[in-house]
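Report on the following structure.
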Amino acid sequence: MAQFFKPKAASHAALTSPVTVQIDRFDHQGRGMAKVKGKTLFVAGALPGETVVASIEQEKKEYAKGQVIKVVSASSQRQVPVCPHYQICGGCDLQHLEGHHQQQYKAQSLLALVAKFARVRDIQLSPTLFGDPLGYRRSARFGLQFNKKQRRLEMSFRRKSSNQLFKQTCCPVLALQLDTLIEPVHQLLQQLSIVEKLGHIAFYLAEQGPALLLRHLKPLTKADEQRLVTFAQQHHVLWFLQGNDNQIQALHHRICLNYALPQWQLKIDFAPNNFIQVNDQVNQKMIAQALEWLDVQPEDRVIDLFAGLGNFSLPLATLAKQVVGVEGIDTMVEQANRNAEQAGLANLNFYQADLSNDFSQQPWAKEAFNKALLDPARDGALFVTEHLAKLNCERIVYVSCHPATMARDAQALIERGYQLTKLGLVDMFPNTAHMESMALFQRKKRT
């Protein structure tokens, strides 16, 4: 039996912790990158051009992950984080980088991803859509964890790189009306008789005011419910409960909340477990840009895929002849149709479909549309691109919460006869490395 020479893989020495390194650049998750002993070291909290002392939190054969312990030589772009919990909270990861430079970093990352996956290198970014960097979140979910040793309930976001919680007293990126509720809500929950059987609590800011959704693993007693009612009266909040059956119960008021889209004179009802865009300022700018890029005309027929509650569909229907929204979750489809009826938009209909499977035989899928919008989840919409190409839409606007999958799907559309003509960053989550984007694809004219 013949034997062939096989070179040994290069060996990399184990890294000692802590280590002093020079940061070369950012990765796509907002971490600083350095080379040490033949390995790439990803350092959370470090900026390009800095010399830092970093701990080694995790080590693999080709790379390692760490955290900044000390900044030896700071970048001119570094700023003091405004949040007192920033060093331990996993909610934000870029508060140490000045806001304008955050947007620059994200813009460069978006261009790099599109160049890599879509092979488009000659496009100029449209102006970034952004809003206030603090007080922008109108929804948030806090974990609840009872410490049996200390007989104390922790309520917070998760710690960085951990599932553990901590004593959180504030959140500067949360809307002020919600931020001021953190400590009072925490104190209230510690008084409940089922304090050891709480799952999580979600905060929402609706047109009606602050709303709270408490997930509990054991039924509340009458005394517990009365505590919640008294709190609601004192703090002007709305309470929703979710038990083991996962059903949402309004404690003493109507089930639907709503948010406004004043530019289109619309209100969108939502239940506390429905998905809504977190950043109201940026959401309204994003809708306006999507409609502008689609160049919606009175005779247009538009299909909105992954439509949710109608965040894009309802404004589209104020301009187009006909709009069809498609969403995968039954309850959201039902609510979206109620939203359309409430708005008096008879030219808008929503349908339920799993857009990761073949939907070509659905009646709505056989209709003619000349324009399309899609806003998929992180997995993207690769399967959908084939059907969109068959529809032969002249314009497609793709809104993405994960630019890497958008760039992958962009290549699929390009291969099917489309051209990427506009691309823009949507800074929905300032002070984090999270990037959202919008892309316009136009059908190439046949020669």
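Residues of the stretch 344-358 that are surrounded by 17 or more Cβ atoms within 10 Å (Cβ to Cβ) and in a strand (DSSP E or B): Leu348, Asn349, Phe350, Tyr351. Taken as a whole, the stretch 236-259 holds at least one residue that is within 27 Å of Met438 (Cα to Cα) and either touching a residue at least 24 places away in the same chain (Cβ under 8 Å) or open to solvent by less than 10 Å² (accessible area, probe 1.4 Å) (or both).
Checking the structure you have, find out if any residue of the stretch 159-166 is part of a loop (DSSP other than H, G, I, E, B), among the aliphatic types (A, V, I, L, M) and closer than 19 Å to Gln95 by Cα. Show your work before the answer.
Going residue by residue through the stretch 159-166, those that are part of a loop (DSSP other than H, G, I, E, B) are 160-166.
With among the aliphatic types (A, V, I, L, M) added as a condition, the list becomes 165.
With closer than 19 Å to Gln95 by Cα added as a condition, the list becomes none.
No, the stretch 159-166 contains no residue that is part of a loop (DSSP other than H, G, I, E, B), among the aliphatic types (A, V, I, L, M) and closer than 19 Å to Gln95 by Cα.
Checked against the criterion of being free of Cβ contacts under 8 Å to residues at least 12 places away in the same chain and touching a Gly at 6+ places or on another chain (Cβ under 9 Å), the stretch 122-135 has no qualifying residue.
For the condition open to solvent by 30 Å² or more (accessible area, probe 1.4 Å), more than 30 Å from Leu181 (Cα to Cα), in contact (Cβ under 8 Å) with a residue 40 or more places away in the chain and aromatic (Phe, Trp, Tyr), what is the one hit in Phe117, Phe146, Phe157?
Details: Phe146 fails: more than 30 Å from Leu181 (Cα to Cα); Phe157 fails: more than 30 Å from Leu181 (Cα to Cα).
Sole residue among the options that is open to solvent by 30 Å² or more (accessible area, probe 1.4 Å), more than 30 Å from Leu181 (Cα to Cα), in contact (Cβ under 8 Å) with a residue 40 or more places away in the chain and aromatic (Phe, Trp, Tyr): Phe117.
Taking (1) assigned to a loop (DSSP other than H, G, I, E, B); (2) hydrophobic (A, V, I, L, M, F, W, C); (3) without any contact (Cβ under 8 Å) to a residue 60 or more places away in the chain; (4) surrounded by fewer than 18 Cβ atoms within 10 Å (Cβ to Cβ) in turn, Cys170 satisfies each apart from (3). If you go through the stretch 219-235 and pick out every residue that is buried (at least 16 other Cβ atoms within 10 Å of the Cβ) and touching a residue at least 24 places away in the same chain (Cβ under 8 Å), you end up with 7. Scanning the stretch 337-393 for residues that are touching a strand residue (DSSP E or B) at 6+ places or on another chain (Cβ under 8 Å) and charged (D, E, K, R) returns Arg338, Glu367, Lys371, Asp375. When the stretch 188-218 is filtered for residues that are under 30 Å from Lys267 (Cβ atoms), open to solvent by 30 Å² or more (accessible area, probe 1.4 Å) and out of contact with any helix residue (DSSP H, G or I) (no Cβ under 6 Å at 6 or more places or on another chain), the ones remaining, listed by number, are His200, Glu207, Gln208, Arg215. Of all residues in the stretch 180-206, those satisfying the criterion of being more than 27 Å from the chain's Cα centre (by Cα) and outside any helix (DSSP H, G or I) are Gln191, Leu192, Ser193, Ile194.
On the basis of being of a type in the set (A, V, I, L, M), open to solvent by 60 Å² or more (accessible area, probe 1.4 Å) and either over 20 Å from the mean Cα position of the chain (by Cα) or over 23 Å from Leu41 (Cβ atoms) (or both), does Ile69 make the cut? Spell out how you get there, then give the answer.
Values: of a type in the set (A, V, I, L, M): yes; open to solvent by 60 Å² or more (accessible area, probe 1.4 Å): yes; either over 20 Å from the mean Cα position of the chain (by Cα) or over 23 Å from Leu41 (Cβ atoms) (or both): yes.
Criteria met by Ile69.
The values are calculated or read from the model by the stated rules, or taken from the named source; none is laboratory data. Model, not experiment: these values are computed from the prediction. Neighbour counts run over all protein chains shown; Cβ positions are idealised from the backbone, glycine included. Side chains included, ligands, DNA and RNA excluded: accessible areas come from the protein's heavy atoms. Shrake-Rupley method; radii C 1.70, N 1.55, O 1.52, S 1.80 Å.
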